[in-house]
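Student: Input: one structure, supplied below.
The values are calculated or read from the model by the stated rules, or taken from the named source; none is laboratory data. Just so it is clear, the model here is predicted, and its values are computed rather than measured. Positions of Cβ are backbone-derived with ideal geometry, glycine not excepted, and every protein chain shown enters the neighbour counts. Surface accessibility is based on the protein's heavy atoms, side chains included, excluding ligands, DNA and RNA. Shrake-Rupley method; radii C 1.70, N 1.55, O 1.52, S 1.80 Å.
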Amino acid sequence: MILLQSHSKFLLQTLWNRLQNLEKGIELDHHWVEFDDVRYHVQVSTKNPHVLLLSVSLPPPSSETIFVNGLPFGAIDAIKAAYGSTVQIKDPPRDGYNLTLKINLSKLPANQDQKQSFLVKVASVREVVLGAPLRVILKHLASRTVAPDIDPLVALVHRPRESFFLVPKADKVTVVYPMRFNDSIDIVLATSFLQEFVEARRTAGLHNTPPCSWSPTPPQELKEVPADALLANAGFVTFVIFPRHVEGPKLDRTVWNLSTFHAYVSYHVKCSEGFMHTRMRRRVETLIQALDRARPELEKKTAMNRSFKRLGIKKDSRNNSFS
């Protein structure tokens with residue numbers, strides 16, 4: 001199955017194009033939206049062509065999710081740790097956005113590999129910001145501790161006004177997703193997909209992956225969550241993350257995969273729907289061709305009681321070719 005990449009391809013391409021045409025001083029003003037309603041705005045003025053302003057709008061949080069100054073907790077520290085002095089946080093951000101970063105392109109590393117690595121990290125700003133609270137919790141799990149001043153149940157935004165939930169403990173972190181879909185067909189496909197997803201976990205080659213379960217009703221971990229936050233029409237998916245799943249380089253991959261799990265499911269549901277539509281169209285075309293071949297050839301009689309067969313357009317054109 002296809003996993004979503006952590007960096008924005010369009011943002012990375014925009015940064016590279018700007019860097020290659022840095023001396024031309026071309027004005028830049030791009031807006032676009034990516035999955036889960038994350039919006040971007042990139043702006044460069046002719047007065048200061050070496051400075052790029054990157055603004056990011058996050059999905060609006062639900063009532064049970066807490067933002068600090070418009071950002072998830074731990075986001076500011078995560079940005080400073082990821083980008084250092086090359087990137088500055090503008091306060092306040094651009095109107096209509098949660099975050100605006102000021103990037104000095106003239107301060108990028110001279111080494112091409114280091115430059116590429118830094119630009120990929122900038123293009124992964126979504127993961128850095130939205131994954132910040134999850135990263136804090138999982139880092140403490142790696143050391144078998146619980147983050148200080150953390151609630152027993154943590155709600156994190158991942159879609160517009162929708163949250164998933166974490167129950168952090170010293171030896172494990174339980175992650176629960178209420179799965180919601182708008183389309184009735186998507187609900188059926190997603191429910192089937194998630195049940196097969198859980199069954200696949202039981203195969204021999206996946207015994208080291210996090211335990212996974214699906215249920216049509218909320219698990220016990222969400223018994224204190226308001227009912228309006230548990231309106232899931234495709235059931236609830238639960239993962240249990242242990243310290244071995246967040247050791248070393250596994251941490252970044254685990255943070256991204258958990259942050260975008262709903263988008264991952266939605267992507268494969270839409271792919272399945274498109275595949276079935278294609279198969280249905282091909283089947284209909286095959287049936288139409290079979291009906292055309294089975295159509296009887298009509299015979300007509302002339303005034304002399306002689307019969308003849310009416311030729312179709314294709315047959316007539318072959319018999320009366322002037323070439």
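Student: Sort through Ser272, Ser317, Ser259 and tell me the only one that's within 30 Å of Leu141 (Cα to Cα), surrounded by 10 or more Cβ atoms within 10 Å (Cβ to Cβ) and either small (Gly, Ala, Ser) or at pLDDT below 85 (or both).
Tutor: Ser259
Student: Please verify whether the stretch 232-254 includes one or more residues that are at pLDDT 90 or above, crowded, with 18+ Cβ neighbours inside 10 Å, hydroxyl-bearing (Ser, Thr, Tyr) and not in a strand (DSSP E or B).
Tutor: yes
Student: Can you tell me which residue among Leu19, Leu12, Leu28, Leu54 is in contact with a His (Cβ under 8 Å, 6 or more places away or on another chain) and on the phi < 0 side of the Ramachandran plot?
Tutor: Just a single option satisfies the conditions, and that option is Leu54.
Student: Within the stretch 37-61, count every residue that is in contact (Cβ under 8 Å) with a residue 40 or more places away in the chain and not β-branched (Val, Ile, Thr).
Tutor: 13
Student: Cβ-Cβ below 8 Å, separation at least six or inter-chain, first residue in the stretch 12-23 and in contact (Cβ under 8 Å) with a residue 24 or more places away in the chain, second basic (Lys, Arg): which pairs?
Tutor: These pairs meet every condition: Leu19/Lys115.
Student: What tally of residues in the stretch 76-93 results from selecting those that are under 26 Å from the mean Cα position of the chain (by Cα) and either small (Gly, Ala, Ser) or surrounded by 16 or more Cβ atoms within 10 Å (Cβ to Cβ) (or both)?
Tutor: Counting residues in the stretch 76-93 that are under 26 Å from the mean Cα position of the chain (by Cα) and either small (Gly, Ala, Ser) or surrounded by 16 or more Cβ atoms within 10 Å (Cβ to Cβ) (or both) gives 8.
Student: Gly96: farther than 23 Å from Trp32 by Cβ, open to solvent by less than 70 Å² (accessible area, probe 1.4 Å) and modelled with pLDDT of 90 or more, yes or no?
Tutor: Judged against the criteria, Gly96 is not a match.
Student: Identify the residue in the stretch 156-193 that is under 24 Å from Lys250 (Cα atoms) and among the aliphatic types (A, V, I, L, M) and, among all such residues, is surrounded by the fewest Cβ atoms within 10 Å (Cβ to Cβ).
Tutor: The residue in question is Ala170.
Student: Residues being open to solvent by 30 Å² or more (accessible area, probe 1.4 Å) and over 24 Å from the mean Cα position of the chain (by Cα): count how many of those fall in the stretch 38-52.
Tutor: Result for the stretch 38-52: 6.
Student: Out of Leu222, Leu153, report the one residue that is modelled with pLDDT of 90 or more, of a type outside the set (Val, Ile, Thr) and either surrounded by 20 or more Cβ atoms within 10 Å (Cβ to Cβ) or in contact with a Leu (Cβ under 7 Å, 6 or more places away or on another chain) (or both).
Tutor: Leu222
Student: Can you pull out the residues in the stretch 1-37 that are within 23 Å of the chain's Cα centre (by Cα), of a type in the set (A, V, I, L, M) and in a helix (DSSP H, G or I)?
Tutor: Passing the criteria: Leu11, Leu12, Leu15.
Student: A further question on this structure: Just a yes or no: is a residue in the stretch 167-178 part of a loop (DSSP other than H, G, I, E, B), under 29 Å from Ser57 (Cβ atoms) and in contact (Cβ under 8 Å) with a residue 12 or more places away in the chain?
Tutor: No, the stretch 167-178 contains no residue that is part of a loop (DSSP other than H, G, I, E, B), under 29 Å from Ser57 (Cβ atoms) and in contact (Cβ under 8 Å) with a residue 12 or more places away in the chain.
Student: Given the criteria among the β-branched types (Val, Ile, Thr) and surrounded by fewer than 17 Cβ atoms within 10 Å (Cβ to Cβ), does Val68 qualify?
Tutor: When the stated conditions are applied, Val68 passes them.
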